[in-house]
Amino acid sequence: MERRDFLKLGVTGAFGVMITASDLLWRVQPAKAAESSQSLSPDAALQKLIEGNERFIQHHPQYPDQSAVRLQEVAQAQHPFATILTCADSRVPVEIVFDQGVGDIFDVRIAGNIATPEATGSIEYAVTLLGTPLLMVLGHERCGAVTAAVKNQQLLGDIGTFVKAIKPAVARVKNQPGDSVENAVVANVQYQIEQLKRSQLLSQQIESGKLKIVGGRYDLDTGNVTIVA
């Protein structure tokens, strides 16, 4: 049998259970990732992001890991120290906001920074296979997706799907004083973290101390990231 046929059909285990090539990948890859990942703790990884953001807002960026040497270092494998689920908004480019470089951050960007199955699967990949010790859900000031959810707007096409995913967070802060959109931005970050913690793969990493999940709010006016969860 050729290799491609093996990959398609899989092999049968000792007890007659079908084991596919993808199963084997998930069992073998985490060990490799653990061996080669950076030795940062979750807290150290968070501190690295915070320090990078401070450099950004003070206009003293170091532009790390952006050299030709760095390109070669990560050409064959990636070992980012943080995974960030953030909004697709063009004003929130995480490598710039946190003054990081190539291969440092595993970006998952989607309007409203919502934990869809696809986004969650991408995060599980980064955490389980690539060994990232930190996951941040990053919302931002004046988020258009959150604003649409607060206003309960009817939108065309599939745009309304992310509004639906944010509505539970909006309901939590409906009667709170203050700006309804800003309240919902923070509530949405917290709500999406709750959804992510329902993942068995992520929960296992948290319980083992290998992963920390935090929530952040990005200020469009100042560039400052505040930890909110």
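The values are calculated or read from the model by the stated rules, or taken from the named source; none is laboratory data. These numbers were taken from a predicted model, which means no experiment stands behind them. When we count neighbours, we look across all protein chains shown, and the Cβ atoms used for this are built from the backbone with ideal geometry, even at glycine. For the accessible areas, the whole protein counts, side chains as well, though only heavy atoms, and no ligand, DNA or RNA atoms are used. Shrake-Rupley method; radii C 1.70, N 1.55, O 1.52, S 1.80 Å.
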If we scan segment 193-212, do we find a residue that is of a type in the set (D, E, K, R) and in contact with a Pro (Cβ under 8 Å, 6 or more places away or on another chain)? yes
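For every residue, the table says whether it meets (1) modelled with pLDDT under 95; (2) within 24 Å of LYS210 (Cα to Cα); (3) not aliphatic (A, V, I, L, M).
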| site | (1), (2), (3) |
| --- | --- |
| PRO30 | yes, yes, yes |
| GLN47 | no, yes, yes |
| GLN58 | no, no, yes |
| PRO93 | no, no, yes |
Kindly list the number of the only condition in (1) open to solvent by 10 Å² or more (accessible area, probe 1.4 Å); (2) out of contact with any Lys or Arg (no Cβ under 8 Å at 6 or more places or on another chain) that fails for VAL186. (2)
Looking at segment 205-228, I want the residues that are in a loop (DSSP other than H, G, I, E, B) and have a partner that is surrounded by fewer than 17 Cβ atoms within 10 Å (Cβ to Cβ) and of a type in the set (Gly, Ala, Ser) with Cβ atoms under 6 Å, at least 6 apart or on another chain. Which pairs are those? none
Given the options GLN72, GLN76, name the one that is out of contact with any Lys or Arg (no Cβ under 8 Å at 6 or more places or on another chain), surrounded by fewer than 18 Cβ atoms within 10 Å (Cβ to Cβ) and not in a loop (DSSP other than H, G, I, E, B). GLN72
Quick check on this structure: which one of ALA165, ALA145 is in contact with a Gly (Cβ under 8 Å, 6 or more places away or on another chain), closer than 21 Å to PRO93 by Cβ and either touching a residue at least 12 places away in the same chain (Cβ under 8 Å) or hydroxyl-bearing (Ser, Thr, Tyr) (or both)? ALA145
The residue that is farthest from PRO42 (Cα to Cα), considering only those in segment 105-151 that are of a type in the set (Asp, Glu) and in a helix (DSSP H, G or I), is GLU118
Just one of the numbered conditions (1) in a helix (DSSP H, G or I); (2) of a type in the set (A, V, I, L, M, F, W, C); (3) open to solvent by 40 Å² or more (accessible area, probe 1.4 Å); (4) modelled with pLDDT under 95 is not true of ALA171; which one? (4)
Answer residue from segment 85-135, given it is in contact with a Ser or Thr (Cβ under 6 Å, 6 or more places away or on another chain) and small (Gly, Ala, Ser) and is most open to solvent (accessible area, probe 1.4 Å) among those: GLY131
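Can you tell me how many residues in segment 208-221 are charged (D, E, K, R), within 23 Å of LYS48 (Cβ to Cβ) and surrounded by fewer than 18 Cβ atoms within 10 Å (Cβ to Cβ)? Full working, then the answer.
Let us first name the residues in segment 208-221 that are charged (D, E, K, R), namely 210, 212, 217, 219, 221.
Remaining after also requiring within 23 Å of LYS48 (Cβ to Cβ): 210, 212, 217, 219.
Among the residues that remain, those that are also surrounded by fewer than 18 Cβ atoms within 10 Å (Cβ to Cβ) are: 210, 212, 219.
Number of matching residues: 3.
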Could you figure out which of (1) in contact with a helix residue (DSSP H, G or I) (Cβ under 9 Å, 6 or more places away or on another chain); (2) free of Cβ contacts under 8 Å to residues at least 60 places away in the same chain; (3) not β-branched (Val, Ile, Thr) isn't true of GLU194? (1)
